[in-house]
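Structure record follows, encoded as structure tokens.
The values are calculated or read from the model by the stated rules, or taken from the named source; none is laboratory data. All figures in this text were calculated on a predicted structure; none of them were measured in a lab. In this analysis, Cβ positions are derived from the backbone assuming ideal geometry, glycine residues included, and neighbour counts consider all displayed protein chains.
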Amino acid sequence: DLLLELGSPGPSAGLWFPTASERLPFPNATDKSPTTPPTTERGMWTVNSAGRLGNQMGEYATLYALAKMNGRQAYILPQMHQQLAPLFRITLPVVSSDVVRNIRWRNYRLHDWMSEEYRHIKGKY
């Protein structure tokens, strides 16, 4: 099972967005990604990252897709960024470990496949 963690950061959340050089795999690549999150409902969606590279790639893709389908902003944890950033252009913002410890998370269990119900994950996060 994949575990999507949903929570609400405080007003001074410690978030950072990867710089252009951190997002881009090659120095001469063109940066087309936003530097600020799109306007979405308040809240924070992330994934409890576990496993090696293949699992983390799947978790990142699933988190990204679910957040997009639900009009929410996805964030990744520093550990996931450390694993994936050397290999891929990471565009999701990274939430600091301090913020992660101070958020009351709400777990949302997912199947190993995409379900229609995931298009409308209800609740304020």
Scanning segment 31-57 residue by residue, the ones that are more than 12 Å from the chain's Cα centre (by Cα) and modelled with pLDDT of 90 or more total 4
Condition set more than 16 Å from the chain's Cα centre (by Cα) and assigned to a loop (DSSP other than H, G, I, E, B), scope segment 90-120, selection modelled with the highest pLDDT: answer is Arg104
Considering segment 41-97, residues that are among the hydroxyl-bearing types (Ser, Thr, Tyr) and within 24 Å of Glu116 (Cα to Cα), and then whichever is surrounded by the fewest Cβ atoms within 10 Å (Cβ to Cβ), we arrive at Tyr64
